[in-house]
Amino acid sequence: MLEGLECPAYKAAKIQTRPPAGLPLQPKQIGVTMKLTGWAIALAAAGLTPTAAGATAPQAAPPQAISAPAATAPAAATPAPADAAVAATPAPSIDYAAPTPGIGVPDGRKGVQDQVTAIGQQAADFHDNWLLLMCGLISIFVLVLLAWTILRYRRGKNPTPSRTSHNTLIEVIWTLVPVLVLVAIAIPSIRLIRAQYSPPPADLTVKVIGNQWYWTYQYPDNGGFEVVSNMLKEQKDVKPGDRYRTDADGPPLLAADERLVIPAGKIVKFIVTSNDVIHAFAIPAFWTKIDANPGRLNETWVKVDRPGVYFGQCSELCGARHGYMPIAVEVVPEATFNAWIASKGGTPKGATPSAEAVPAATAPAPTGDNAAVPVEGTNQAAVAQN
Ligand SMILES: [Cu+2]
């Protein structure tokens with residue numbers, strides 16, 4: 001839908017702001033890029049009237065063509081379905097687990113998802129049992145006070161209003177009580193922020209990179225291999241023989257062809273950055289949300305004890321296909337994690353790379369559909385369609 005609304009000025013600005021491949025952005029360039037992006041957004045907003053949308057729609061490619069390249073690029077690189085390609089890698093791959101309904105997946109319930117990290121539980125408790133309680137009590141108090149004033153002091157009941165203008169006791173109360181309310185909110189908030197931003201030493205570091213419009217996950221502790229993760233499309237949207245989403249992969253718009261796999265019970269540090277525009281790495285069940293900025297490394301961490309699949313999404317408006325860059329995290333026991341690493345050509349942390357693992361780790365392309373080749377394919381396809 002959004003693609004059709006993209007105005008030519010926005011497209012032109014996006015092409016201008018894309019840095020040349022291989023050149024890191026300098027601070028000055030980032031400033032210029034942000035300025036141009038700002039103008040582009042303003043121009044895009046100006047063009048988002050129904051008339052403008054109608055006028056630009058015919059220039060846009062048909063929906064299938066737009067949604068096609070990202071997810072089919074890996075399949076195009078390897079004509080066989082992705083499952084077959086994974087099976088052909090040197091070490092045995094792991095079977096991805098099916099998601100558990102209601103855990104790590106939105107299921108229509110209101111409120112925050114069930115939290116699976118200690119910080120998430122602390123934060124959800126603070127929100128549900130303290131913030132909401134205080135909001136409720138304050139709202140009821142104000143409502144009752146208002147109703148009482150309206151009824152008791154209406155003109156019919158109180159024809160001669162009092163001319164009292166000061167009351168020291170009440171003034172002290174209505175100054176002190178809000179201060180106490182703020183202190184009662186600030187203390188647990190600051191405690192929570194301190195816990196979030198002072199991570200314990202990491203057992204594993206994963207570099208998370210946002211791209212328009214997919215994620216790449218690098219494992220520097222495990223030989224530096226990279227996983228490219230694209231959204232899985234529905235069966236009706238793919239060519240016959242290409243991989244499509246099934247319920248075992250996850251819900252529509254959240255299932256990804258490759259998952260971010262991490263070991264259970266370990267401190268995992270995520271270094272988050274971007275290759276193009278600002279994205280955001282967010283997984284609701286972990287209480288994790290952090291911006292992926294080009295030219296910057298942001299850091300967050302999780303420790304998940306429960307093995308399972310947890311879904312998130314890019315949470316920063318990053319362009320036409322912003323809604324199609326899900327994050328699928330699979331938490332597995334350590335043995336399974338090591339098997340998965342080996343299947344991707346990596347090595348367990350601290351282990352000396354074996355003779356066979358070295359070339360695979362330094363040149364991930366031969367490992368098949370998830371390696372460097374689809375990055376180019378996907379990116380170029382995405383650029384070409386704009
Ligand atoms: Cu994004």
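The values are calculated or read from the model by the stated rules, or taken from the named source; none is laboratory data. This one's a predicted model, so the numbers in the text were calculated from it and none came from an experiment. Positions of Cβ are backbone-derived with ideal geometry, glycine not excepted, and every protein chain shown enters the neighbour counts.
Couple of notes before you dig in:
- Among the residues making up segment 294-351, those that are hydrophobic (A, V, I, L, M, F, W, C), at pLDDT 90 or above and surrounded by fewer than 19 Cβ atoms within 10 Å (Cβ to Cβ) are L297, L317, A335, A339.
- Test: V238 is under 25 Å from H322 (Cα atoms) and under 20 Å from the mean Cα position of the chain (by Cα): no
- Flag if D249 is farther than 20 Å from G224 by Cα and within 16 Å of the ligand (Cβ to nearest atom): no
- Selection count where residues are farther than 28 Å from L317 by Cβ and part of a strand (DSSP E or B), scope segment 206-229: 2
- The listed residue being farther than 26 Å from I119 by Cβ and either not assigned by TED's automatic domain parsing to the domain that holds I209 or not hydroxyl-bearing (S, T, Y) (or both), out of A248, A282: A248
- All of (1) modelled with pLDDT of 95 or more; (2) within 16 Å of the ligand (Cβ to nearest atom); (3) not polar (S, T, N, Q) hold for I271 with one exception: (2).
- Remark: pairs (first residue in segment 308-328, assigned by TED's automatic domain parsing to the domain that holds I290 and part of a loop (DSSP other than H, G, I, E, B); second residue of a type in the set (F, W, Y) and near the ligand (Cβ under 8 Å from one of its atoms); Cβ separation under 8 Å; 6+ apart in sequence or on different chains) = C318/W213; G319/W213; A320/W213; R321/W213; M325/W213.
- I262 meets all of the listed conditions (1) closer than 23 Å to A320 by Cβ; (2) within 21 Å of the chain's Cα centre (by Cα) but one, namely (1).
- Filtered residues of segment 295-346 (kept if within 11 Å of the ligand (Cβ to nearest atom) and closer than 21 Å to A98 by Cβ): Q313, P326, I327
- Filtered by the rule that a residue be surrounded by 22 or more Cβ atoms within 10 Å (Cβ to Cβ), closer than 20 Å to D107 by Cα and in contact (Cβ under 8 Å) with a residue 60 or more places away in the chain, segment 234-253 gives a lone residue, G250.
- Residue check for A282: within 16 Å of the ligand (Cβ to nearest atom), within 25 Å of P252 (Cα to Cα), modelled with pLDDT of 95 or more and under 16 Å from the mean Cα position of the chain (by Cα): yes
- Which listed residue is of a type in the set (A, V, I, L, M) and under 25 Å from the mean Cα position of the chain (by Cα), from A147, A123: A123
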